[in-house]
1. May I ask you to compute the full-extension gain from residue 125 to residue 579, defined as 0.36 nm times their residue separation minus their alpha-carbon distance, rounded to one decimal in nm?
2. Quick one: angle between helix 115-126 and the longest Cα principal axis of the chain, in degrees between 0 and 90, rounded to 10, please.
3. For segment 370-429 and segment 569-643, what is the separation of their C-alpha centers, rounded to whole Å?
4. Suppose a student asked you for the relative contact order of segment 402-456, using Cα pairs under 8 Å spaced at least 6 residues apart; what percent would you report?
5. Which peptide among 556-565, 220-229, 64-73 comes first, and what is the full order, when sorted by highest mean count of other Cβ atoms within 10 Å?
6. Would you mind computing, in nm to one decimal, how far apart the modelled labels at residue 114 and residue 19 are, each placed 7 Å from Cα along Cα→Cβ?
7. Report the gain in length on full extension from residue 400 to residue 162: 0.36 nm times residue separation, minus Cα-Cα distance, nm rounded to one decimal.
8. What is the distance in Å between the Cα centres of segment 185-245 and segment 500-562?
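Derivation of every value follows stated rules applied to the coordinates shown; laboratory data play no part. All values reported here derive from a predicted model rather than from experimental measurement. So basically every Cβ, Gly included, is an ideal-geometry build from the backbone, and we count neighbours across all protein chains shown.
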């Protein structure tokens, strides 16, 4: 193609880009809140709305109108393929989710002879029945007295009294684990029992009577067997625990919870911890009118998304994350929009945690705070991922000079949170006590918060663009960690986004920001892997099944806008902006934008916990495509200028 035709082609593409980008920018700006931030819906599987119904029946305080709407949502998400409930869009049958969904619908009044209930029951029984559910589901069933106490792990409240040097200590597990566990210690130690006002049981979901089930724990390793033996010894010794020790432990656990109640954002700002905390406070004798209980209840209600005919409950909210990427998308895709961006940046600055020393300070007692949480408020648990992205966005913004103090505090805190292996985790330092994954409580495999490639990449991108000699050692260690984590095929695992496409793209973006030589073989191997998994329609699509089957990395579902955007951003960062592969990906985004300026968001975009819990960030299908198209337009314009 001669230069004249090439220029005409580029001009035509630019016009299409401008139209699509304009619609997307309008859609994004329309969703900005009055105070400057963005917060899109964050949807999970049917476990969460089911647990909301279960909570109402546990308390004996049932909002019937809400229950009707939650039930409708649960029914709508039942799989037509296997009859149960999956963990993500078009996913395989999940036993524990299906048990909770079935129980919630039965509590809500669904007839077990109805076709949808019969299909669900058959699927559950075919998978081994309710006795084979995961630990969290079995604890719920115990609270409703559907299974005996021996069916759940021994988690006495005295655990909160253990010293830090002990093999098990709260600081040795992740933030989400400890906020969920401490209230559970109280509930299980005091033998809490659901009110269950209609005395609804699910005996039909057991292949043998619950009391006759012999093996509730599926142990596969010698270490797991050892921990199970300790579990059984502990049960036998529990009656001999002195009363004053039990009272002291209950008081310590209560104090721990109350210190972290987080006002109207709730304990840990995550739904399971909020529910457990509310139920534990009531069990300890707090009056429902007490401010702690009122705030806990309000925090739960604020997670509800209620529509005219149905409702669901979010596992948490994502305003910091959404706001940072919305700013990035707007700044990358056109004229700055100074007022909108200034309001967003000011809002983010106000949310920086600069005085509260959270649980992380146990490992870093002399480190000053300076991070951001994921939610509106979660001062005990700032998130390194959010902190790196927010500080990165502020640092690269045209408003940078006005936020230097916030950026500097973020640098100090982030650098201080580097783990021994050079990587960065989400909330803690060196949270890598892998032997704890063998305890009976940890069958979900998500007890810990080790460093991950995607978080480390975001930190590398933020710190690397600063070009400060004093940070070089931190960057070198982080880069070495990332190189050690690269898969043989060139990709990186995605801990907080699905999956290898997310991990690979975000590491490549970080390498460009840190001015790493993108021509190096290991960088180009990553780019070639992204190219190799492009679909025929020009997009990219990877299923959450790849957390079960890594050999399917990069494959498994139809193309999605958010994964296509990730891949494009990664390839452009690796120097492939002018390639036919990128052009085809851009064309896919141009052709699939909806009339309202957004893209389809039906697919779940990220794991909460790989293989256990998944999320759909509804903002991903707007701000990531806008960011990618904005970057492409910028590079295209530069190329046209050169031509």
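1. Length gained between residue 125 and residue 579: 158.2 nm.
2. Approximately 80 degrees, to the nearest 10.
3. Using only Cα atoms, the two centres lie 25 Å from each other.
4. 35
5. 556-565, 64-73, 220-229
6. 4.6
7. Full extension of this stretch gives 81.1 nm more.
8. 43
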